[in-house]
1. How large is ³J(HN,Hα), in whole Hz, for each residue of the stretch 16-31 in order, when computed from phi with the Karplus curve 6.51 cos²θ - 1.76 cosθ + 1.60 and θ = phi - 60°, using x for Gly and Pro?
2. What Cys residues in the chain are without a partner cysteine, judged by a Cβ distance under 4.7 Å?
3. Out of every Cα-Cα pair in the chain, what percent are more than 32 Å apart?
4. Go ahead and estimate [θ] at 222 nm for the chain from helices alone: -39,500 (n - 2.57) per DSSP H run with n ≥ 4, summed, over the residue count, rounded to 500.
5. What is the stretch 1-79 by shape, rounded, prolate or oblate, if you read a ≥ b ≥ c off the alpha carbon gyration tensor as root eigenvalues and call it rounded for a/c under 1.5, prolate for a/b larger than b/c, and oblate otherwise?
6. Can you order the peptides 13-26, 104-117 by their average number of other Cβ atoms within 10 Å per residue, highest first?
7. Excluding residues fewer than 8 places away in the same chain, name every one of the lysines whose C-alpha is closer than 17 Å to that of LYS239.
8. Search the structure for amide H atoms under 5 Å from the amide H of THR90, placed 1.01 Å from N in the peptide plane, and list their residues when 5 or more places away or on another chain.
Amino acid sequence: MIVLDVGNSSVKWAIENNGVLERGRRFYYRDEGFSHSASRAWDGLPAPRVLAVANVAGAGVEHEISGWAEKIWGMAPCYIRATRQAAGVTNAYQEPGALGADRWAAIVAAHHASENPVCVIDCGTAITLDVVDAAGKHLGGLIAPGLAMMRRSLAQETAAIGPIPDGADGLQSMFSRNTIEGVNSGVMHMAGALIDRVTGVAAAGYGRNLEVVITGGDAEMLLPLLRHTPRYDRDLVLKGIALLAGEMPCGT
């Protein structure tokens, strides 16, 4: 099985064989489109038994993925959707399908990796935090802007700041001496404070039994700022996609 986590600019993917997931890899498709980028990234790769996809990039990208898979591999992808219940987890959303597929996959994977309540943090385009109890009951969560989104918002809404170059991230010190570093320090400490606040509230309810797991492209940058170090799992979403696909009639 090949599992895909499709975001707005990149695809993270891995091969799963007999329950073992290879380390995830990534390719970017925003400039060239999915079809061209996938053909280059997967040149020579044989068709999998199952192509399981969590897509949050919209219907247009989903249509392109399906067209490519049918043309090149002669198969239909298996799309992961959030449902009321799957893989031992009950979705807290009033409209279960409104929960992002990648977020749902991360929740499922985190629950399967622990016998305790878990706080799941995903630091990507948005920062999401969810809590699921030991029985698999999702208690809900919250969504906040990710680091890049906060930087762009400041640059767009505050003329004095001006443009912030791509790749301007990382943290030199809390108190910076130029605007770009000042913005980076501000958004990173805001994100770190949010994570500390939410995990603190969750821990007040569950105490030492609460486990905290973090994933997403900005997770490693934020780890040094957090009061308590969560478990880092770079492939959490991919693991959840594989688990959810295993319960669906994929490849049949």
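1. 10, 10, 6, x, 9, 9, 5, 4, x, 10, 9, 9, 9, 10, 4, 6
2. CYS119, CYS123
3. 26 percent
4. On the way: 7 runs with 83 residues, N = 252.
Value at 222 nm, helices only, nearest 500: -10000 deg cm²/dmol.
5. On the way: a/c = 1.44, a/b = 1.28, b/c = 1.12.
Verdict is rounded for the stretch 1-79.
6. Details: 13-26: 14.1, 104-117: 22.7.
Highest mean packing first, the order is 104-117, 13-26.
7. Excluding near neighbours in sequence, the set is LYS12.
8. Long-range HN contacts for THR90: LYS137, HIS138.
We did not get these values from a lab; they are worked out from the coordinates using the rules stated. None of the values given here were measured: they were computed from a predicted structure. Quick reminder, even Gly has a Cβ in these numbers, built from the backbone with ideal geometry, and neighbours come from all protein chains shown.
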